[in-house]
Amino acid sequence: MTVSKINIRQIGAATGLLSPATLLVLGSLVLPMLILLRYSFNAYDPMLLMRETFTLENYVRFFAEPYFHTVILTTLAVALGATIGSIILGFPIAYFLARTQSRFKSFLVVLVIFPLLVGNVVRAAGWITLFGTRGVVNVTLMNLGIISQPIEIMYTDFAVVIGTLSVVLPFMILTLQGVIENVDFSIVDAALNLGASRYKAFTRIFLPMIMPGVLAGFVLIFILCMNAYATPYLLGGPGYKMMAPTLYNQISSVANWPFASALAFILMAVTVISTLLVTRLTTRRRR
Amino acid sequence: MADLNIRNLQKDYGDFSAVDGVSLTAGASELVALLGPSGCGKTTLLRSIAGFVPVTAGQIEINGKDVTRLAPNKRNTGMVFQNYALFPHLTVEKNVGFGLEMRGISGAEADKRIAEALELVSLGAYGHRYPKELSGGQQQRVAVARALVVNPDVFLLDEPLSNLDAKLRQSVGMQLRDLQKSLGLTTVFVTHDQKEALMMADRLVIMRAGKIVQEGSAEELYDAPASYFVADFLGHSNVVSGKVTPEGFLSTGGTMFRCDSAGMPADRVMTLRPENLILGPAAVALPNSFEARIQSITYLGAQSEVTLSLPGGDQLTATHQNRTGDSLTLRVGDMISAGCLPEAVRLLVDDMTTAH
């Protein structure tokens with residue numbers, strides 16, 4: 001009797017504590033997504049804007065029009081480029097931060113986090129002043145006589161990849177730092193003791209050991225990149241062919257909610273599938 | 001198997017000397033234990049033999065070859081780490097085979113040696129397991145097999161038993177020792193646990209603050225400690241303050257302990273092992289004999305620890321062997337005869353109360 005009473009009280013307490021979060025998730029995430037999912041099967045009508053029906057035409061359109069193939073491929077390429085770039089650039093910094101005995105360590109970590117305190121938009125605006133036709137880089141190069149015409153940096157794939165990379169780099173560094181700090185370096189010592197060179201100890205022991213953590217970082221950053229909106233929009237221009245800007249264009253300029261909704265679910269599906277694929281490929285021999 | 005020869009090794013971190021002018025040798029198939037409290041430099045010394053610690057000065061020779069400036073992977077030492085440091089992403093076989101692979105040994109020759117090494121530690125059937133699927137004791141044996149499969153010149157063990165539970169420690173320690181003897185391994189092992197050192201080592205090296213305080217066999221160190229620090233570190237000792245007299249040692253409480261004090265400086269302390277303090281009628285005839293009050297008795301099964309209060313206020317602890325049918329009854333508050341042989345009384349340099 002008493003046991004069940006306690007259980008009921010515990011269940012009651014748990015329900016009480018969990019309900020606010022559950023309601024928030026249900027109300028702000030699940031419900032809008034269900035509505036969007038429904039929208040994606042509606043039809044666009046120039047007069048009514050949205051007509052209730054059940055059609056696959058929005059999805060069919062995405063796969064039929066080559067324009068949208070470019071959009072999804074650009075999105076994948078930018079996201080992959082920025083994610084891999086952030087691993088390559090972030091790893092040495094993360095390694096240093098994880099291993100340093102310096103008393104300035106926490107200050108250095110703050111330096112890494114610092115860009116996060118500046119919003120995406122502000123940072124992109126900063127890039128514009130640097131890379132515009134009359135930006136710092138072009139003016140300097142022209143004044144030095146290295147180039148005679150301003151080079152196009154803004155509104156290129158390069159600008160978008162670099163911009164996105166710089167946004168996600170702090171996240172990557174912090175993730176990798178956490179991963180490396182968890183490594184028991186006596187295991188690396190053991191490899192050296194058994195005759196491995198520093199290079200062999202790194203590639204054969206250290207890298208495989210941190211791989212699951214690196215993969216977690218990869219997935220996290222890849223998802224951020226796939227969904228990037230502000231940076232591609234500001235550095236790639238309003239017509240830049242990535243999914244999030246394209247999706248928002250459909251809502252803001254053509255008010256095509258059904259197609260925008262379909263784009264949203266396609267983006268989500270592609271993100272999930274490519275993440276699973278990468279995870280599967282890199283862990284095939286791991287248990 | 002080879003000899004290890006260390007001369008005047010020095011490792012400084014700024015003003016602090018972790019290893020301070022240590023010279024040490026280990027002969028073929030000798031098992032040397034580095035023993036001392038934490039921070040005494042024993043681990044730094046072991047790690048500098050393996051090559052992980054770049055030394056400030058001095059020389060390390062293995063087999064007559066100077067390895068002082070050699071990278072760890074060029075030294076051919078086999079080390080067992082305190083936490084075993086097994087490669088978590090490799091099977092037991094691959095763990096053991098790693099050192100062979102790094103030496104370019106592969107195929108049938110490698111398979112044969114891996115199997116032999118695993119057989120040596122009775123883990124023949126565990127080759128395909130991953131380290132996390134093994135118990136602590138099994139992991140330790142994998143670490144041993146992995147270090148030995150490459151035929152190291154020097155076998156290094158960093159607190160090899162400290163992560164095992166107390167019951168396993170003794171048997172694993174003896175197995176390690178048997179293995180070391182049968183393979184004739186020159187071995188250095190670090191421990192802070194005196195029982196481990198006494199049980200396993202041919203020679204104990206007691207370290208303190210980066211220096212060697214005393215080295216010798218377990219019996220030598222236990223029976224003839226060079227200083228109060230050693231007497232206190234190995235086993236237990238009663239320590240009595242007072243002054244050296246021509247007849248022996250006069251405690252501050254006024255008790256005279258007769259012993260050979262010829263040529264002793266006056267500023268010594270007296271130590272007496274609890275097992276050498278004899279209780280009851282047998283004590284009366286001893287050259288050092290006194291009446292004392294029993295202050296407390298701690299029953300420990302095979303023995304009891306009996307704390308005595310001497311008339312002048314000195315306190316001594318005796319270890320009394322408990323035997324069925326013993327006529328001697330011990331009761332707190334009773335007076336009892338206690339005594340010891342002059343040879344049991346040791347007058348030692350007091351290096352504990354002086355600043356260090």
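The values are calculated or read from the model by the stated rules, or taken from the named source; none is laboratory data. Just so it is clear, the structure is predicted and the values come from calculations on it, not from any experiment. Counting neighbours? That spans all protein chains shown, and the Cβs are built from the backbone with ideal geometry, glycine included. Ligands, DNA and RNA are excluded from the accessible area calculation, which covers all protein heavy atoms including side chains. Shrake-Rupley method; radii C 1.70, N 1.55, O 1.52, S 1.80 Å.
Taking into account only those residues within the range A:135-149 that are under 33 Å from the mean Cα position of the chain (by Cα) and among the aliphatic types (A, V, I, L, M), which is farthest from A:Ala125 (Cα to Cα)?
Going through the qualifying residues, I end up with A:Leu141.
Give the residues of the range B:303-313 that are at pLDDT 90 or above and out of contact with any Phe, Trp or Tyr (no Cβ under 7 Å at 6 or more places or on another chain), sorted by residue number.
Selection gives B:Gln303, B:Ser304, B:Glu305, B:Val306, B:Thr307, B:Leu308, B:Ser309.
Only one of these conditions is not met by A:Cys225: (1) open to solvent by less than 30 Å² (accessible area, probe 1.4 Å); (2) away from chain B (no Cβ under 14 Å); (3) more than 30 Å from A:Ile273 (Cβ to Cβ). Which number is it?
Only one criterion in (1) open to solvent by less than 30 Å² (accessible area, probe 1.4 Å); (2) away from chain B (no Cβ under 14 Å); (3) more than 30 Å from A:Ile273 (Cβ to Cβ) is unmet by A:Cys225, namely (3).
Any residue that is touching a helix residue (DSSP H, G or I) at 6+ places or on another chain (Cβ under 8 Å), under 24 Å from A:Thr282 (Cβ atoms) and within 14 Å of chain B (Cβ to nearest Cβ) - is there at least one of those in the range A:160-167?
no
Six or more apart or on different chains, Cβ atoms under 6 Å: show the pairs whose first residue is in the range B:66-87 and more than 7 Å from chain A (Cβ to nearest Cβ) and whose second is surrounded by 16 or more Cβ atoms within 10 Å (Cβ to Cβ) and of a type in the set (D, E, K, R).
The qualifying pairs are B:Val67/B:Arg75; B:Asn76/B:Asp153; B:Gln82/B:Asp158; B:Gln82/B:Glu159.
Checking the structure you have, find out if any residue of the range A:196-205 is within 12 Å of another protein chain (Cβ to nearest Cβ), more than 25 Å from A:Thr279 (Cα to Cα) and open to solvent by less than 20 Å² (accessible area, probe 1.4 Å).
yes
Filter the range B:37-65 for residues that are of a type in the set (A, V, I, L, M, F, W, C) and more than 14 Å from chain A (Cβ to nearest Cβ) and give the result.
Passing the criteria: B:Cys40, B:Leu45, B:Val55, B:Ala57, B:Ile60.
Checking B:Thr252 against (1) touching a residue at least 40 places away in the same chain (Cβ under 8 Å); (2) open to solvent by less than 50 Å² (accessible area, probe 1.4 Å); (3) not assigned by TED's automatic domain parsing to the domain that holds B:Ser23, which test does it fail?
(2)
Residues that are more than 27 Å from B:Arg141 (Cα to Cα), at least 1 per element: which strands (runs of 3 or more DSSP E) completely within the range B:1-82 meet that?
Result: B:4-13, B:16-26, B:57-62.
Which count do you get for residues in the range B:161-202 that are in contact (Cβ under 8 Å) with a residue 40 or more places away in the chain and open to solvent by less than 10 Å² (accessible area, probe 1.4 Å)?
The qualifying residues number 11.
Does the range A:232-239 contain any residue that is more than 14 Å from chain B (Cβ to nearest Cβ), open to solvent by less than 60 Å² (accessible area, probe 1.4 Å) and out of contact with any helix residue (DSSP H, G or I) (no Cβ under 7 Å at 6 or more places or on another chain)? Explain how you work it out, then say what you get.
Restricting attention to the range A:232-239, the residues satisfying the condition of being more than 14 Å from chain B (Cβ to nearest Cβ) are A:232-239.
Within this subset, residues satisfying the condition of being open to solvent by less than 60 Å² (accessible area, probe 1.4 Å) are A:232, A:234-237, A:239.
Next, from what is left, pick out any that are out of contact with any helix residue (DSSP H, G or I) (no Cβ under 7 Å at 6 or more places or on another chain): A:237, A:239.
Looking through the range A:232-239, at least one residue is more than 14 Å from chain B (Cβ to nearest Cβ), open to solvent by less than 60 Å² (accessible area, probe 1.4 Å) and out of contact with any helix residue (DSSP H, G or I) (no Cβ under 7 Å at 6 or more places or on another chain).
Please enumerate the residues belonging to the range B:47-66 that are under 20 Å from B:Asp158 (Cα atoms) and among the hydrophobic types (A, V, I, L, M, F, W, C).
B:Ile49, B:Ala50, B:Phe52, B:Val53, B:Val55, B:Ile60, B:Ile62
For the range B:255-270, what are the residues that are exposed (fewer than 15 other Cβ atoms within 10 Å of the Cβ) and touching a Pro at 6+ places or on another chain (Cβ under 7 Å)?
Once the filter is applied, which keeps residues that are exposed (fewer than 15 other Cβ atoms within 10 Å of the Cβ) and touching a Pro at 6+ places or on another chain (Cβ under 7 Å), the range B:255-270 yields only B:Asp260.
Give, as residue ranges, the helices (runs of 4 or more DSSP H) completely inside the range A:1-77 that count at least 2 residues that are open to solvent by less than 80 Å² (accessible area, probe 1.4 Å) and more than 29 Å from A:Cys225 (Cβ to Cβ). Quick ask: steps written out before the conclusion?
Numbers: elements: A:2-25, A:31-39, A:57-64.
By residue number, A:2-25.
Can you confirm whether the range A:94-103 contains a residue that is surrounded by 14 or more Cβ atoms within 10 Å (Cβ to Cβ), within 21 Å of the chain's Cα centre (by Cα) and closer than 30 Å to A:Val183 by Cα?
Scanning the range A:94-103 turns up at least one residue that is surrounded by 14 or more Cβ atoms within 10 Å (Cβ to Cβ), within 21 Å of the chain's Cα centre (by Cα) and closer than 30 Å to A:Val183 by Cα.
Considering only residues that are free of Cβ contacts under 8 Å to residues at least 12 places away in the same chain and not in a loop (DSSP other than H, G, I, E, B), which ones fall in the range A:131-161?
If the condition is that a residue be free of Cβ contacts under 8 Å to residues at least 12 places away in the same chain and not in a loop (DSSP other than H, G, I, E, B), then A:Val136, A:Val139, A:Thr140, A:Leu141, A:Met142, A:Asn143, A:Phe158 are the ones that fit.
Quick check on A:Phe185: is it open to solvent by less than 60 Å² (accessible area, probe 1.4 Å) and within 14 Å of chain B (Cβ to nearest Cβ)? Let's see the steps before the verdict.
Working: open to solvent by less than 60 Å² (accessible area, probe 1.4 Å): yes; within 14 Å of chain B (Cβ to nearest Cβ): yes.
Here the answer is yes, as A:Phe185 does meet what is asked.
Suppose we filter A:Pro170, A:Pro150 for residues that are more than 14 Å from chain B (Cβ to nearest Cβ) and open to solvent by 20 Å² or more (accessible area, probe 1.4 Å); which single one remains?
Testing whether each residue is more than 14 Å from chain B (Cβ to nearest Cβ) and open to solvent by 20 Å² or more (accessible area, probe 1.4 Å) leaves just A:Pro150.
Tell me, please, whether a residue that is of a type in the set (A, V, I, L, M) and either assigned to a loop (DSSP other than H, G, I, E, B) or within 10 Å of chain A (Cβ to nearest Cβ) (or both) can be found in the range B:113-127.
yes
Hey, which of the strands (runs of 3 or more DSSP E) in the range B:283-356, taking only ones fully inside, have at least 1 residues that are loosely packed, with under 14 Cβ neighbours inside 10 Å?
B:288-299, B:315-321, B:335-340
Which of the residues belonging to the range B:203-232 are within 15 Å of the chain's Cα centre (by Cα), open to solvent by 40 Å² or more (accessible area, probe 1.4 Å) and over 22 Å from B:Asn8 (Cα atoms)?
Those that are within 15 Å of the chain's Cα centre (by Cα), open to solvent by 40 Å² or more (accessible area, probe 1.4 Å) and over 22 Å from B:Asn8 (Cα atoms): B:Glu219, B:Glu220, B:Tyr222, B:Asp223, B:Asp232.
For residues that are in a helix (DSSP H, G or I) and in contact with a strand residue (DSSP E or B) (Cβ under 8 Å, 6 or more places away or on another chain), tally how many sit in the range A:238-280. Spell out how you get there, then give the answer.
Residues of the range A:238-280 that are in a helix (DSSP H, G or I), as a first pass: A:243-252, A:257-280.
Now restrict to residues that are in contact with a strand residue (DSSP E or B) (Cβ under 8 Å, 6 or more places away or on another chain): A:257-259.
Qualifying residue count for the region: 3.
Tell me which of these B:Thr43 doesn't satisfy, since it passes every other one: (1) open to solvent by 10 Å² or more (accessible area, probe 1.4 Å); (2) in contact with a Ser or Thr (Cβ under 8 Å, 6 or more places away or on another chain); (3) touching a residue at least 60 places away in the same chain (Cβ under 8 Å).
The single condition B:Thr43 does not satisfy is (2).
I need the full set of residues from the range B:77-119 which are polar (S, T, N, Q) and either open to solvent by 10 Å² or more (accessible area, probe 1.4 Å) or in contact with a Gly (Cβ under 8 Å, 6 or more places away or on another chain) (or both), in order please.
B:Thr77, B:Gln82, B:Asn83, B:Thr91, B:Ser106 - these are the residues of the range B:77-119 that are polar (S, T, N, Q) and either open to solvent by 10 Å² or more (accessible area, probe 1.4 Å) or in contact with a Gly (Cβ under 8 Å, 6 or more places away or on another chain) (or both).
What do you reckon, is A:Val270 in contact (Cβ under 8 Å) with a residue 12 or more places away in the chain and farther than 29 Å from A:Pro66 by Cα?
No: the conditions fail for A:Val270.
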